[in-house]
Structure formats: structure tokens, C-alpha cells
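Just below is one structure, and these are the notes that go with it.
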Amino acid sequence: MNTRHLLPLLALTLLPGAAFAHPGHGENGLIAGLLHPFGGLDHLLAMLAIGIWAALQPRALKLAVPAAFLAALLGGFALAVAGVGLPLVETGIALSVLLSGLLIAGAARLPAPLALTLSAAFALFHGHAHGLEASGSLAAFAVGFLASSLSLHLGGGLLATAVQQRLPLLARGAGAAIAASGALMMI
């Protein structure tokens with residue numbers, strides 16, 4: 001992968017956070033779940049960021065960070081579907097984008113319990129938002145957004161692995177751009 005292929009992806013991180021995640025895909029169940037993480041810059045950046053950050057971690061955390069995220073994503077979804085409120089969901093989502101971008105920009109390698117806790121905390125907010133906006137079959141919707149989230153984690157990880165070998169500062173720059181997007185979302 002060369003840099004000219006990365007520029008459009010990096011440009012997306014510079015867009016304002018006005019497109020938060022959001023009902024109205026016009027689909028139900030599995031299709032709505034598959035599309036949901038792509039429907040808002042906040043979710044898209046968070047999923048990619050987790051994959052990028054995980055790829056920069058020691059071997060034991062490369063899979064554990066996304067796994068913790070996906071498990072907590074499902075937990076947050078279940079809370080919303082059960083009618084359990086979570087305060088400041090949109091703020092938590094924006095903060096997750098900001099902090100995950102900072103973790104990438106700083107090439108942070110945290111102790112495993114802290115890295116997994118942060119990943120899960122970020123996901124709880126995203127999962128709750130998914131649960132509030134679920135449509136059709138809840139199980140199919142959950143399978144859809146989990147599959148899309150995993151694909152975005154993998155995409156972020158592959159991107160980070162590709163650029164880390166050739167242009168190590170590019171991953172950190174992408175983290176800074178993600179953090180800037182998160183900061184804009186906080187406004």
C-alpha cells in the first residue's frame with residue numbers, strides 16, 4: 001500500500017464531527033446493523049482507531065484490545081435494549097475518538113489491564129448508541145454491527161501494519177488527525 005491510497009482515508013479524519021450515528025438507514029435487522037458503523041464519522045473513526053492502536057501494541061494485546069472492544073460493544077447494546085440508560089453517550093463517543101487518537105499519536109503502550117479497560121469503556125458508549133438505534137431483528141442488527149466493527153478493526157490494523165513498516169510517523173499522524181476529529185466532536 002502506498003501513500004496515495006492512504007490520503008483519502010486520512011482526509012476523512014479531518015472532517016467535522018457533525019455526522020454522529022443515527023437512525024434512518026432505511027434498512028432493518030442485519031443490513032441496518034452492517035451499515036450502522038459506517039453511517040457516522042464518530043463510529044467509523046473509533047472502530048478504525050481501535051484497530052490501529054491494537055496493531056501498535058505488544059503481541060498479547062493485538063487481538064485482546066479489539067476483542068475487549070467487541071465484547072463491551074455487545075454489552076452496551078444489551079444495556080440500551082434493556083432500557084438501562086447510560087449518561088452522556090454522545091460525549092463518551094466523542095471522547096473515545098479523541099482519546100484513541102491520542103493513544104495512537106503517542107504510540108501509547110499501556111499495561112494490559114488499563115488498555116483493555118479503556119477499550120471496553122470506549123465500546124460501552126458505542127454499543128449503547130447502537131442499541132438505541134437498532135431496528136428490525138435485534139439479534140440480526142447486533143450480528144451486523146459486530147461484523148462491521150470487526151472489519152473496521154481489521155482494516156485499521158492492516159493499515160497501521162502497512163504504514164508502520166514504511167512510514168512509522170504516518171500512523172502517529174493519523175492518530176493526531178483522529179484526535180483532532182474527536183476534539184471537534186466534543187464541541
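Return a yes/no flag: does region 91-110 have any residue that is basic (Lys, Arg) and assigned to a helix (DSSP H, G or I).
no
Within the set of pairs 6+ apart or on separate chains, which have a first residue in region 77-103 that is free of Cβ contacts under 8 Å to residues at least 40 places away in the same chain, a second that is assigned to a helix (DSSP H, G or I) and surrounded by 23 or more Cβ atoms within 10 Å (Cβ to Cβ), and C-beta atoms under 7 Å apart?
92/125
Could you go through region 58-79 and let me know if any residue there is under 22 Å from residue 158 (Cβ atoms) and outside any helix (DSSP H, G or I).
Yes, because at least one residue in region 58-79 is under 22 Å from residue 158 (Cβ atoms) and outside any helix (DSSP H, G or I).
Select, from 78, 60, 67, 71, the only residue that is more than 12 Å from the chain's Cα centre (by Cα), farther than 22 Å from residue 111 by Cβ and surrounded by fewer than 22 Cβ atoms within 10 Å (Cβ to Cβ).
After ruling out the rest, the residue left standing is 78.
With the checklist (1) among the charged types (D, E, K, R); (2) within 14 Å of the chain's Cα centre (by Cα); (3) within 20 Å of residue 112 (Cα to Cα) in hand, flag the one item residue 90 doesn't pass.
(3)
Would you check which residues across region 104-153 are of a type in the set (A, V, I, L, M), in contact (Cβ under 8 Å) with a residue 24 or more places away in the chain and closer than 21 Å to residue 86 by Cβ and list them?
If the condition is that a residue be of a type in the set (A, V, I, L, M), in contact (Cβ under 8 Å) with a residue 24 or more places away in the chain and closer than 21 Å to residue 86 by Cβ, then 116, 120, 121, 123, 124, 129, 132, 134, 138, 142, 146 are the ones that fit.
Checking the condition farther than 16 Å from residue 51 by Cα, under 12 Å from the mean Cα position of the chain (by Cα) and not hydroxyl-bearing (Ser, Thr, Tyr), which residue from 155, 131, 182 passes?
182
Please work out if residue 114 is aliphatic (A, V, I, L, M), modelled with pLDDT of 95 or more and surrounded by fewer than 19 Cβ atoms within 10 Å (Cβ to Cβ).
Yes; evaluated as a whole, the condition is true for this residue.
Across region 62-83, which residue is farthest from residue 115 (Cα to Cα) among those that are hydrophobic (A, V, I, L, M, F, W, C) and in contact with a Ser or Thr (Cβ under 9 Å, 6 or more places away or on another chain)?
Among those residues, the one meeting the criterion is 73.
Give the residue, chosen from 92, 131, 127, that is surrounded by 21 or more Cβ atoms within 10 Å (Cβ to Cβ) and modelled with pLDDT of 95 or more.
From the options 92, 131, 127, the qualifying one is 127.
The values are calculated or read from the model by the stated rules, or taken from the named source; none is laboratory data. The structure presented is a predicted model; accordingly, all values stated were derived computationally and were not measured. As a convention, Cβ positions derive from the backbone with ideal geometry for all residues, glycine included, and neighbour counts pool all protein chains shown.
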